[in-house]
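The values are calculated or read from the model by the stated rules, or taken from the named source; none is laboratory data. As the structure is a computational prediction, the values presented were derived from the model and not from experiment. Note: ideal-geometry Cβ built from the backbone for every residue, glycine included; neighbour counts use all protein chains shown. The accessibility values were calculated without ligands, DNA or RNA, using every heavy atom of the protein model including side chains. Shrake-Rupley method; radii C 1.70, N 1.55, O 1.52, S 1.80 Å.
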Amino acid sequence: MLHLQDSRVRVLGLAGGIFGFAVALAMQSYTNFSYPIEVGGRPLYALSAFAVVAFELTVLFGALVPAIGMLALNGLPRLNYPVLAASRFHLASKDRFFLCIKAADARFDARATERFLKALAPCSVELVGA
């Protein structure tokens, strides 16, 4: 179990759904106000007539906003990643792989990490700048 407590994507889903519902009601109310057409004696602002479009936009925004928000929170799309500039990256394929150790930790020591990795007898160890 990871016990992750980050609920920002869920909040984005709720906000997107509420926003979609509000946009649907505002769009239909504005249209009925600007172009009033009386059909069969029904009122201009019959909320039951707005239900289908409101539901569809609630679902649409409730799905798109968290998906786009998740990509933004993950920092994607990142078009240039430093490991892609490694001289031997083109060799990464079905039979080879790369191990990328990020230096964001305050206790990270480049020399100690390089010594440790070289002790494991890899094909190569390369320091890639950010």
How many residues of the range 103-112 are modelled with pLDDT under 90 and in a helix (DSSP H, G or I)? The answer is 1
Pairs where the first residue, in the range 34-47, is modelled with pLDDT of 80 or more and the second is surrounded by 10 or more Cβ atoms within 10 Å (Cβ to Cβ), C-beta under 6 Å, 6+ apart
Pro36/Leu44; Leu44/Asn32
Taking the range 68-88 as the search range and keeping residues that are surrounded by 13 or more Cβ atoms within 10 Å (Cβ to Cβ) and in contact with a helix residue (DSSP H, G or I) (Cβ under 9 Å, 6 or more places away or on another chain), which one is nearest to Leu12 (Cα to Cα)?
Gly69
Output yes when any residue across the range 55-65 is surrounded by 13 or more Cβ atoms within 10 Å (Cβ to Cβ) and more than 30 Å from Ser29 (Cα to Cα), and no when none is.
no
I'm checking my understanding of the structure. Among residues of the range 89-102 that are open to solvent by less than 80 Å² (accessible area, probe 1.4 Å), outside any loop (DSSP other than H, G, I, E, B) and not polar (S, T, N, Q), which one is nearest to Val128 (Cα to Cα)?
Phe89
